[in-house]
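The values are calculated or read from the model by the stated rules, or taken from the named source; none is laboratory data. No experiment lies behind these values; they were computed from the predicted model shown. Note that we place each Cβ from the backbone using ideal geometry, even for glycine, and neighbour counts take in every protein chain shown.
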Amino acid sequence: MNKKIGFIGCGKMASAIIKGILNSEHKNHLELKGSELNCEIAEAAQARLGITVLSDNKALAIDSDVIFIATKPNYAAQVLEEIKDELTEEKLIVSIAAGVSTEKISNIISMHRIIRVMPNTPALVKEGMSGVCKGEFAKDEDIEFVKTLLSGIGKCIEVTETQMDIVTAISGSGPAFFYQVIEDMARAGEKLGLDYEKSLLLATQTALGSAKMIENRGETSVQTLIDNVATKGGCTFVGIETMKEEHSDKLFYDVIDKTAKKAYELGK
């Protein structure tokens, strides 16, 4: 774990990962630095994160064992072109640029070890969900190292490259879908006569509690949890039947399907 880790880009997602690492048990074995080409942004990031933030991507790449590409996706290729001559076989490249495949990265920087990560915004409150996949030349120990780093901001699963668009749809875009559901429930309560903030609290805490119930269900199926609340003939049962009549399963399938297809298109 004794490594120098550099972050090209110190935006919200990179900041969440950096803070997670700094709060982890591994912090004393890792040296973290960042880079932002704009000097004012670099200074602000340094003050905010408490790490050295350079305004030179090449210098950061030279001085790092692990390099996170944490720019916006449309800048990833430009950054990779900029640093490719500074990369050696010993360096590990980790990309969190949405929709940018390991193949695309490899086409620019050639035969290097690459790990692709799809994190999500709840990483900002240490409840993130990340999907990771290996590039062609990455080693098992590379992906285990990255998963260990990400454990400081939530949970992580390993998937194949072809599954990353599904990960993007479910967990990458998923927070917005859950926000929408919670907002819709809260607004329904408001229309029926309850104060909006109270209705929002009810929906939010219920979502949190329900997620915990699923997380701690053991061998109990999600359907059993549903049945335990939706007693036949009761008010919850009527609500579940309404959801079935409105084909909520098809709605969410379409949401995930279309989002995954869009992610694929953006990555082409």
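Filter the range 24-44 for residues that are among the small types (Gly, Ala, Ser) and surrounded by fewer than 23 Cβ atoms within 10 Å (Cβ to Cβ); which is nearest to Ala98 (Cα to Cα)?
Step by step, filter the range 24-44, then rank; the result is Ala42.
How about the range 31-101: which strands (runs of 3 or more DSSP E) wholly inside it have at least 1 residues that are over 20 Å from Val146 (Cα atoms), in the same structural domain as Ile17 (by TED's automatic domain parsing) and hydroxyl-bearing (Ser, Thr, Tyr)?
52-54
Test Ile157 against the criterion of being buried (at least 21 other Cβ atoms within 10 Å of the Cβ), modelled with pLDDT of 95 or more and in contact with a Gly (Cβ under 9 Å, 6 or more places away or on another chain), and give yes or no.
Against the criterion (buried (at least 21 other Cβ atoms within 10 Å of the Cβ), modelled with pLDDT of 95 or more and in contact with a Gly (Cβ under 9 Å, 6 or more places away or on another chain)), Ile157 does not qualify.
Give just the number: which of (1) crowded, with 19+ Cβ neighbours inside 10 Å; (2) over 13 Å from the mean Cα position of the chain (by Cα); (3) closer than 19 Å to Ala260 by Cα does Ala138 not satisfy?
(3)
Inspect the range 126-134 for any residue being closer than 19 Å to Cys10 by Cβ, not aliphatic (A, V, I, L, M) and not in a loop (DSSP other than H, G, I, E, B) and give the result as yes or no.
Residues of the range 126-134 that are closer than 19 Å to Cys10 by Cβ, as a first pass: 126, 128, 130.
If we keep only those that are not aliphatic (A, V, I, L, M) as well, we get 126, 128, 130.
Still in the list and also not in a loop (DSSP other than H, G, I, E, B): 128, 130.
Yes.
Of these, Ile21, Ile96, Ile8, Ile83, which one is crowded, with 17+ Cβ neighbours inside 10 Å and closer than 23 Å to Ser173 by Cβ? Talk me through it step by step, then tell me what you get.
On the way: Ile21 fails: closer than 23 Å to Ser173 by Cβ; Ile8 fails: closer than 23 Å to Ser173 by Cβ; Ile83 fails: closer than 23 Å to Ser173 by Cβ.
Only one candidate passes the filter, namely Ile96.
Just checking, which of Glu103, Glu31 is farther than 29 Å from Phe178 by Cα and in contact with a strand residue (DSSP E or B) (Cβ under 6 Å, 6 or more places away or on another chain)?
Values: Glu103 fails: in contact with a strand residue (DSSP E or B) (Cβ under 6 Å, 6 or more places away or on another chain).
Going through Glu103, Glu31 in turn, just one is farther than 29 Å from Phe178 by Cα and in contact with a strand residue (DSSP E or B) (Cβ under 6 Å, 6 or more places away or on another chain): Glu31.
Mind telling me which of the residues Asp249, Asp254 ends up being among the acidic types (Asp, Glu), under 30 Å from Pro73 (Cβ atoms) and surrounded by fewer than 12 Cβ atoms within 10 Å (Cβ to Cβ)?
Details: Asp249 fails: under 30 Å from Pro73 (Cβ atoms).
Selected residue: Asp254, the only one of Asp249, Asp254 that is among the acidic types (Asp, Glu), under 30 Å from Pro73 (Cβ atoms) and surrounded by fewer than 12 Cβ atoms within 10 Å (Cβ to Cβ).
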